[in-house]
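Read through the structure below, which is laid out as C-alpha cells, and then see the notes.
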Amino acid sequence: MSSLYRAPRGTFDILPEEHVYWKYVEDKAAFWCRLYGYRPLSMPIFEDAQVFTRAVGGATDIVDKEMYVFQDKGGQDLALRAEGTAPVCRAYLEHGMFNLAQPVKLYYIGPTFRYERPQAGRYRQHHQFGYEALGEADPVLDAEVIEMAWRLFLSLGLSGVSIQLNSIGCKTCRPRFLEVLRQHYSVHAENVCADCKGRLARNPLRLLDCKKDYCRELAEAAPKTLDYLCDDCRSHFESVRDYLEKLSIPFHLNHRLVRGLDYYTRTVFEVEPEEMGGQSSLGGGGRYDDLIETLGGRPTPAVGFAAGLERIVLNLKKQNPGIPPLPGPVAYVAYLGQEAKTEAVRLTSELRKDGLAVIMATGDKSLKAQMRHADSLGSSCVVILGREEIQNRTAVVRDMSSGEQRTVAEGDLANVLECRKHPT
Ligand code: AMP
C-alpha cells in the first residue's frame with residue numbers, strides 16, 4: 001500500500017532504527033561541548049530574513065538561491081534557518097551576552113534549510129551541530145575550536161578525516177587580494193564556468209573553491225591569500241598554526257579554502273572525510289570578527305564551527321566503527337487468557353513505576369505469536385502470566401537468548417528484571 005504523500009524532495013524521515021547513529025553523534029557532540037565549556041542554546045527555526053541576508057551576504061549561494069523565505073500573516077519577511085552562526089550572534093546581542101565574561105561559548109543542534117539540488121549528502125533539510133566562542137580574538141581560541149572538532153571526529157571513530165586550513169585575511173588586507181585575484185582571472189574570464197563568471201564580479205573569493213575541472217586548475221595557479229595578509233593577520237595565523245602544532249593537531253594548508261559564507265575573516269578550516277567528493281565536507285568553521293557588528297553590535301571578534309549530522313551518519317554507516325545499539329525493552333509481558341491479561345496490565349504498570357522498560361502484549365495473540373513479537377522488539381526476556389501464576393502470585397520469566405525459564409515470586413520480579421537491565 002503506497003501513501004498519498006511523500007516527504008518533500010530533499011527531506012527524509014529519520015526512522016527509529018536510524019536513531020542509534022543520531023543519538024551516538026549527538027551524545028558525543030554534547031560531551032565535547034561540556035568538556036570545552038560550551039553551553040546549549042536553542043534558537044527558533046525561523047528568523048527575520050535579514051539576519052541571514054546581512055550576515056551571510058547577498059552574493060552567496062545560500063542567500064541568493066537557497067533560502068526558504070516567506071511572509072507571515074503580519075507581513076514580516078522571515079526565513080527558515082539557513083545556517084546557525086548568524087542566529088547565535090542575533091541571540092548573543094538580543095540577550096546582552098556581551099555583558100557577560102567573554103568569550104561566551106554556546107552550542108546548538110538543529111535543522112537547517114537550503115533549497116539545493118538533492119543528492120547523496122546534500123539535502124533541503126539537514127541538521128547542523130555547531131559551537132561558537134564569542135567575544136575573543138586570541139588565536140588560542142581558533143586553535144581550541146579546531147582541536148575540539150578534531151577530537152570530536154576522532155572520538156566518533158571515523159578514520160581518514162583531515163583538517164584543511166587557511167586564512168582569508170580581514171577588511172584591511174582582503175581588498176588588495178581581491179584586486180590581484182580579479183587580475184589573475186581577467187585573462188581567463190571567458191573560460192571559467194557560468195557560475196564563476198558571475199562570481200568574478202560579485203564574489204571573486206569563491207572562484208577559488210569551484211569544483212569544476214578547469215576552474216580548479218585555474219584556482220591552483222591563482223594567487224594565495226596567505227601571501228597578501230596584513231601584518232596582524234599574518235601573525236594571528238602564525239600563532240594559530242603554532243598552537244595547533246603544540247597540540248599535535250594535524251592540518252593541511254589549503255590555499256583554495258575560502259568557505260561559502262561572506263562573514264568569515266582570518267582563520268577558516270574544514271573537516272574533510274576520507275574520500276573527498278565534490279561537496280563532501282563534514283564540517284567547517286572559522287573566525288568571523290565583523291559579523292556581530294554587521295548585526296548591530298559593537299565590534300566583537302568570534303570563532304566557531306558547524307558540522308552536518310547527515311554526512312557524519314553517512315560516513316559512520318560506511319565505516320561502521322562499532323556503534324553501541326540502543327537498548328531494547330528489558331521485558332515483554334505476555335498473558336494467557338482474559339484474567340491473566342487484566343493482571344498483566346497491573347503488573348506492567350507496577351514494573352514501569354519501578355523504572356523498568358517493559359512492553360505488554362495486546363489483543364488476543366497466541367503465546368507463540370506473543371513470543372515472536374517480543375523477539376522482534378529485542379526484548380531480553382518475556383514475563384508470562386497464566387492462571388496458575390495468578391493463583392500463586394508468581395510469573396514465569398523466559399530468557400529470550402537461552403530459552404531458559406524459571407518461576408519468580410511477584411515480589412521478586414522487579415529485582416530480577418533490574419539485574420537484566422541494559423546500561424543506559
Ligand atoms: P556550511 O554552513 O555550508 O558551512 O555547512 C556546514 C556543514 O553542514 C557542511 O560541512 C556539511 O556537513 C553540512 N551541510 C551543508 N549543507 C548541507 C546540505 N545541503 N545537506 C546536507 N548537509 C549539509
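The values are calculated or read from the model by the stated rules, or taken from the named source; none is laboratory data. The model shown is predicted, which means the values in this text are computed figures rather than measured ones. Every residue, glycine among them, receives a Cβ derived from its backbone with ideal geometry; neighbour counts consider all protein chains shown. The protein model used for the area step is the full one, side chains on, heavy atoms only, and it has no ligands, DNA or RNA in it. Shrake-Rupley method; radii C 1.70, N 1.55, O 1.52, S 1.80 Å.
Data overview
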read-out: Pairs with Cβ under 9 Å, 6+ apart, first in region 247-261 and within 14 Å of the ligand (Cβ to nearest atom), second of a type in the set (Ser, Thr, Tyr) and in a loop (DSSP other than H, G, I, E, B); value: Val258/Tyr264; Gly260/Thr60; Leu261/Thr60; Leu261/Tyr288
read-out: Counted residues, region 230-284 - those being among the hydroxyl-bearing types (Ser, Thr, Tyr), open to solvent by 40 Å² or more (accessible area, probe 1.4 Å) and within 22 Å of Gly130 (Cβ to Cβ); value: 1
read-out: Any hit, region 276-292, residues being over 24 Å from His127 (Cα atoms) and either touching a strand residue (DSSP E or B) at 6+ places or on another chain (Cβ under 9 Å) or not in a loop (DSSP other than H, G, I, E, B) (or both); value: yes
read-out: Unique residue being under 37 Å from the mean Cα position of the chain (by Cα), open to solvent by less than 10 Å² (accessible area, probe 1.4 Å) and of a type in the set (D, E, K, R) when the list is Arg287, Arg298; value: Arg287
read-out: Residues of region 60-75 that turn out to be part of a loop (DSSP other than H, G, I, E, B) and away from the ligand (no atom under 15 Å from the Cβ), as a count; value: 4
read-out: Those residues of region 306-340 which are more than 16 Å from the ligand (Cβ to nearest atom) and without any contact (Cβ under 8 Å) to a residue 40 or more places away in the chain, in sequence order; value: Asn320, Gln338
read-out: Count of residues meeting criterion [over 20 Å from Glu238 (Cβ atoms) and either polar (S, T, N, Q) or surrounded by 20 or more Cβ atoms within 10 Å (Cβ to Cβ) (or both)] in region 162-176; value: 1
read-out: From Ala344, Ala357, Ala395, residue being of a type outside the set (S, T, N, Q), more than 29 Å from Glu17 (Cα to Cα) and open to solvent by less than 70 Å² (accessible area, probe 1.4 Å); value: Ala395
read-out: Residues of region 42-66 satisfying the condition of being under 21 Å from Gly10 (Cα atoms) and open to solvent by 30 Å² or more (accessible area, probe 1.4 Å); value: Ile45, Phe46, Asp61, Asp64, Lys65
read-out: Cβ pairs under 8 Å, 6+ apart, first in region 115-126 and over 13 Å from Val313 (Cα atoms), second hydrophobic (A, V, I, L, M, F, W, C) and more than 8 Å from the ligand (Cβ to nearest atom); value: Tyr115/Met67; Tyr123/Phe12; Arg124/Phe113; Gln125/Phe113
read-out: Residue among Phe70, Phe98, Phe129, Phe113 that is open to solvent by 60 Å² or more (accessible area, probe 1.4 Å) and within 25 Å of Asp13 (Cβ to Cβ); value: Phe70
read-out: Qualifying residue in region 47-57 (condition: in a strand (DSSP E or B) and closer than 21 Å to Thr85 by Cα); value: yes
read-out: Qualifying residue in region 366-377 (condition: open to solvent by less than 70 Å² (accessible area, probe 1.4 Å) and among the acidic types (Asp, Glu)); value: no
read-out: Residue tally, condition outside any helix (DSSP H, G or I) and more than 28 Å from Leu207 (Cα to Cα), over region 229-260; value: 3
